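Below is one structure, written out as structure tokens, with a few remarks after it.
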Amino acid sequence: MKKYIVTMTAEERAHLHGLISKGKAAAHKQRRARILLKTDQGEQGEHWTDDKIRDAFDVNVATIERLRKQFVEEGFEATLQRKVQKNRKAKRFDGRAEARLVAEACSKPPDGRKRWTLKLLADRMVALEIVDGVCPETVRQTLKKTPSSRGCG
């Protein structure tokens, strides 16, 4: 016996059909919409079994159960959206700080140096109060994304 039963209103079903038929939504959102339509146990629902949905969409039954649970507990819109990942660290460099880092890397190195080192660049970014603290590895990864090189010439 299923613990979470999906019953949608006509408006919700129409919204999902529109989302699928337009084909403009993200793939994960379209897949969730299709699965929800098949799990709908309402009057106009398709009443598919979990095994039939699993075979049709090549997903695990646990995925279907999670979608049903999320629909019942959190609502229609929350089920279509991906959850915000809470374990992501904020980037050290935003666009402005990244541009400043590249500008510093392309500038004349300090006296007594032939070129900028990653450690010098990291220390310079902290000295300019662009970031509170940054390690040379973060500087390296940021500079690696740009087409410039330390010294630029």
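Read-outs: derived from the displayed coordinates by stated rules, not from any lab. Since the model is a prediction, treat every value here as computed from it, not as a measurement. When we count neighbours, we look across all protein chains shown, and the Cβ atoms used for this are built from the backbone with ideal geometry, even at glycine.
Our note on the geometry: Cα centres of region 47-66 and region 74-153, 43 Å apart. A dipole drawn for region 10-80 from +1 and -1 charges on Cβ atoms has a positive end, and of PHE71, ALA14, GLY45 the residue lying farthest that way is ALA14. Computed on the Cα atoms alone, the convex hull of region 1-93 gives a volume of 129 cubic angstrom per residue.
Looking only at Cα atoms, what is the convex hull volume of region 95-144 per residue, in Å³?
It is 71 Å³ per residue.
Using DSSP loop states and a limit of at most 16 other Cβ atoms within 10 Å to flag GluC sites (Glu not before Pro), what is the longest stretch of the chain containing no flagged site?
With a cap of 16 other Cβ atoms within 10 Å, the longest stretch comes to 47-128.
Between the amide H of TRP116 and those of GLY151, distances stay under 5 Å, these residues lying 5 or more places away or on another chain, with hydrogens modeled in the peptide plane. Applying a length cut-off of 15 Å (Cα extent along the axis) and a mean Kyte-Doolittle floor of 0.0 to the DSSP H helices of the chain leaves 95-106.
The slack between PHE76 and GLU43, meaning 0.36 nm per residue of separation minus the straight C-alpha distance, is 10.1 nm.
Among the trypsin sites (Lys or Arg not before Pro) found in region 92-132, those both in a DSSP coil and sparsely packed, with 14 or fewer other Cβ atoms within 10 Å of their Cβ, are ARG113, LYS114, ARG115.
Please list, or write none, the lysines whose alpha carbon is within less than 30 Å of the alpha carbon of LYS52, excluding same-chain residues fewer than 8 places away. Partners within reach: LYS2, LYS3, LYS22, LYS24, LYS29, LYS38, LYS69, LYS83. The stretch between ARG66 and THR7 holds 19.7 nm of extra length on full extension. This uses 0.36 nm per residue minus the Cα-Cα distance. The amide H of GLU46, built 1.01 Å from its N in the peptide plane, has ASP40 as neighbours under 5 Å, considering only residues 5 or more places off or on other chains. Working from Cα pairs under 8 Å separated by at least six residues, relative contact order for the chain is 18 percent.
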